[in-house]
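Remarks on the structure that follows.
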Amino acid sequence: MEGDYQEELAKKIALVKPQMIILDSPGDVKQVGGVHLDLQNTKSACGTNRDCPAFIPPWVSGEELEATQIVFSAITTE
């Protein structure tokens with residue numbers, strides 16, 4: 001998603017309903033308005049040197065969830 005990062009998160013994330021969300025830093029979690037986040041299930045998408053929380057939002061289900069989980073596993077680290 002391009003544009004003003006914080007504005008996009010705060011105003012449009014619930015409307016866009018992406019299948020996966022990757023944030024720049026853990027501090028950005030508070031910017032995601034209107035989305036219930038289970039922070040226990042976040043993983044880093046930036047490798048071991050940086051913490052970029054990545055998660056699958058609760059609205060993803062069915063075949064989309066299965067496909068997203070495959071990509072999520074491939075790009076994240078514990």
Got a number for residues in the stretch 40-64 being outside any strand (DSSP E or B), touching a helix residue (DSSP H, G or I) at 6+ places or on another chain (Cβ under 9 Å) and charged (D, E, K, R)?
1
Output for Cβ contacts, cut-off 6 Å, separation at least six or different chains, first residue under 15 Å from GLY27 (Cβ atoms) and open to solvent by 70 Å² or more (accessible area, probe 1.4 Å) in the stretch 40-65, second outside any loop (DSSP other than H, G, I, E, B) and not basic (Lys, Arg), reads ASP51/PRO26; ASP51/SER44
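Give the residue that is modelled with the highest pLDDT, with candidates limited to residues of the stretch 22-39 that are of a type in the set (A, V, I, L, M), surrounded by 11 or more Cβ atoms within 10 Å (Cβ to Cβ) and not in a loop (DSSP other than H, G, I, E, B).
Initially, the stretch 22-39 is screened for residues of a type in the set (A, V, I, L, M), giving 22-23, 29, 32, 35, 37, 39.
With the extra rule that they be surrounded by 11 or more Cβ atoms within 10 Å (Cβ to Cβ), the set shrinks to 22-23, 29, 32, 35, 37.
After this cut, where a residue has to be not in a loop (DSSP other than H, G, I, E, B) as well, the list is 22, 29.
Numbers: ILE22: 86, VAL29: 75.
Result: ILE22.
The values are calculated or read from the model by the stated rules, or taken from the named source; none is laboratory data. Because the structure is predicted, anything quoted here is derived from the model rather than measured. Every residue, glycine among them, receives a Cβ derived from its backbone with ideal geometry; neighbour counts consider all protein chains shown. Protein only, heavy atoms only, side chains kept; ligands, DNA and RNA dropped before computing areas. Shrake-Rupley method; radii C 1.70, N 1.55, O 1.52, S 1.80 Å.
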